[in-house]
Amino acid sequence: MFEHIDGHVAEFAKNQYGSYVVVTKGEGKYGPYIDAREYVSKDDYEGPTKKGLRLREDQVPLMIKYLERALCEL
């Protein structure tokens, strides 16, 4: 279902458990997508949570554009 893309890209703020964001790619009923989903290590569970975002293939270029704009303003 999901194919992980190497490495984690971020951490969620204010989380008391070990968490990080992992980018995965998959395909759903509306076509291919990219997920940036929180993964946690908590007690006996290690895996994804519901926190994150999903971008359809056509939304990725727009997200990159906005991230580049935000980076220029840092």
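The values are calculated or read from the model by the stated rules, or taken from the named source; none is laboratory data. These figures come from a predicted structure and were not determined experimentally. Here Cβ is always computed from backbone atoms with ideal geometry, including for glycine, and neighbour counts include all displayed protein chains.
I need a count of the residues in region 43-52 that are exposed (fewer than 13 other Cβ atoms within 10 Å of the Cβ) and not hydroxyl-bearing (Ser, Thr, Tyr). First the steps, then the outcome.
Our first condition is that a residue be exposed (fewer than 13 other Cβ atoms within 10 Å of the Cβ); within region 43-52, this holds for 43-47, 50.
Next, only the ones that are not hydroxyl-bearing (Ser, Thr, Tyr) stay: 43-44, 46-47, 50.
Of the residues in that region, 5 qualify.
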Tally of residues being closer than 20 Å to residue 63 by Cβ, modelled with pLDDT under 80 and not hydroxyl-bearing (Ser, Thr, Tyr) across region 1-52 = 13
Odd one out for residue 62, checked against (1) in contact with a strand residue (DSSP E or B) (Cβ under 8 Å, 6 or more places away or on another chain); (2) assigned to a helix (DSSP H, G or I); (3) farther than 18 Å from residue 10 by Cα = (1)
Select, from 67, 71, 62, 55, the only residue that is surrounded by 13 or more Cβ atoms within 10 Å (Cβ to Cβ) and at pLDDT 85 or above.
-> 55
